[in-house]
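Remarks on the structure that follows.
Rule-based calculations on the coordinates, nothing more; no lab input. Here the structure is a predicted model, which means the values were calculated and not measured. So basically every Cβ, Gly included, is an ideal-geometry build from the backbone, and we count neighbours across all protein chains shown.
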């Protein structure tokens, strides 16, 4: 039977919705990874016969089932707001508009006052978002027209139940330090996921070598490792590769020459093993598939540097 609204005191409804949203996100990221599509987040989940979406066109979003405070905050991949990380590794999230008293800003202010856990959706490419939870609004900067937001570990929610005093969510000194570390980790994940999503999009979500199109089995491989100064997380320093070819590429069992041709190590070509080796590695001496945009194609200078290392390794 479908019902029009959730029943019970507002604080119980609020907690039920948030915990249900976190459970649903855990399930979806276990299936799809932690970068989720707009359509999936818009569809959301059901709770007592009601659909609960996790986003809308508004960056600060409160589904109708929630009584007072927002559930999610969102930053688009190319949005109008200057959302970024501050020097203390906390997130600076811009107000909706320039009026500090806008209802959406007041909603986030209430979430800060009641210490309510939120979901942060950061756009990494168009219509795809890194999902981070829980996050908390920890400060308000009216002069800068922004809120200060910190990520936290899932363990912070273990004590969250249907009780009216949300202040039981710990604000100890240890919690402050833990949140800074957690937010720093989010920053690193954003770099990694953003690189992957941009590279895979450039290669039309297929392996450049074997053309496999199963997104779950594709990686963005660095040509020059990201631990080196020129190993920037940009598409010309990346290749879209399936797990097999990514592993072989990293192990210098194969490489891509500056003319975009695959070369397999001689010792591998001389092995006799089985159909996987024969078809997966030995039979791929061909030119890779390239992005349509020339400016997104692998940088030949970086490929040449990689090729020299490949020759030394083999």
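Of all the C-alpha pairs in the chain, what % are more than 27 Å from each other? More than 27 Å apart: 51 percent of the Cα pairs in the chain. Working from Cα pairs under 8 Å separated by at least six residues, relative contact order for the stretch 72-151 is 33 percent.
Subtracting the Cα-Cα distance of residue 76 and residue 312 from 0.36 nm times their residue separation leaves 80.6 nm of extension gain.
Remark: relative contact order (the stretch 10-199) = 20 percent; criterion is Cα-Cα distance under 8 angstrom and separation of 6 or more residues.
Put a dot 7 Å past the Cα of residue 286, heading toward its Cβ, do the same for residue 252, and the two dots end up 2.8 nm apart. Can you give me the Kirkwood hydrodynamic radius for the stretch 218-271, using every pair of distinct Cα atoms, in Å to one decimal? One decimal place: 11.8 Å for the Kirkwood radius. Helix 173-202 and the longest principal axis of the Cα set of the chain meet at an angle near 50°.
Nearest 10 degrees is fine. How inclined is helix 300-313 to the longest principal axis of the chain, computing both from alpha carbons? For 300-313 against the chain, the angle is about 70 degrees. Compute the Cα gyration tensor for the stretch 204-313, then decide on rounded, prolate or oblate, letting a ≥ b ≥ c be the square roots of its eigenvalues: rounded whenever a/c is under 1.5, prolate when a/b is larger than b/c in the other cases, and oblate in all that remain. Cα axes put the stretch 204-313 in the oblate bin. Distance between the 7 Å Cα→Cβ label points at residue 260 and residue 24: 4.3 nm. Counted by neighbouring Cβ atoms within 10 Å, the residues 173, 197, 46 run from fewest to most as 173, 46, 197. Look at where the Cα atoms of the stretch 75-134 and of the stretch 181-253 average out, and the two centres are 27 Å apart. With everything on Cα atoms, drop me the angle between helix 10-32 and the longest principal axis of the chain, reported from 0 to 90° to the nearest 10. The two axes meet at around 10 degrees.
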